[in-house]
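Quick notes on the structure that follows.
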Amino acid sequence: MKETFWDDCSSQTVERHDNTSFVVMGSGYNHTGQTSAMAEDTGNGFIIRFLSNNSTQQDYYVCLDYGQAYDLILAMSAFKKELGFV
């Protein structure tokens with residue numbers, strides 16, 4: 001699965017391979033072609049990794065069980081207009 005999302009002049013592509021999805025920076029980003037985030041379905045929930053693009057910052061991880069991930073999507077859906085998902 002591969003889907004591209006546009007916001008003004010920048011794009012991000014979401015790709016899924018088996019149990020892992022990747023957000024890849026596209027047009028309008030300094031690091032075009034690099035992955036900005038990954039989500040892995042572990043069988044018990046999800047581990048989301050936000051990758052750092054420089055040597056002075058560490059990657060950031062969020063771990064969610066399935067219920068938390070579901071609730072997060074519901075909560076964030078209230079902001080879909082502000083985030084460009086209309």
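General observations
- Note on region 7-33: residues that are over 19 Å from N53 (Cβ atoms) and either among the polar types (S, T, N, Q) or modelled with pLDDT of 90 or more (or both) amount to 5.
- Top-ranked residue of region 11-20 - restricted to ones that are surrounded by 12 or more Cβ atoms within 10 Å (Cβ to Cβ) and among the polar types (S, T, N, Q), ranked as farthest from the chain's Cα centre (by Cα): S11
- Evaluation of D8 against the conditions (1) surrounded by 13 or more Cβ atoms within 10 Å (Cβ to Cβ); (2) at positive phi shows that the sole unmet condition is (1).
- Single unsatisfied condition, K81 versus (1) of a type in the set (K, R); (2) over 18 Å from R16 (Cα atoms); (3) assigned to a strand (DSSP E or B): (3)
The values are calculated or read from the model by the stated rules, or taken from the named source; none is laboratory data. Only a predicted model underlies this, so the values are computations on that prediction, with no experimental measurement involved. Here the Cβ is made from the backbone with ideal geometry for all residues, glycine too, and neighbour counts use every protein chain on show.
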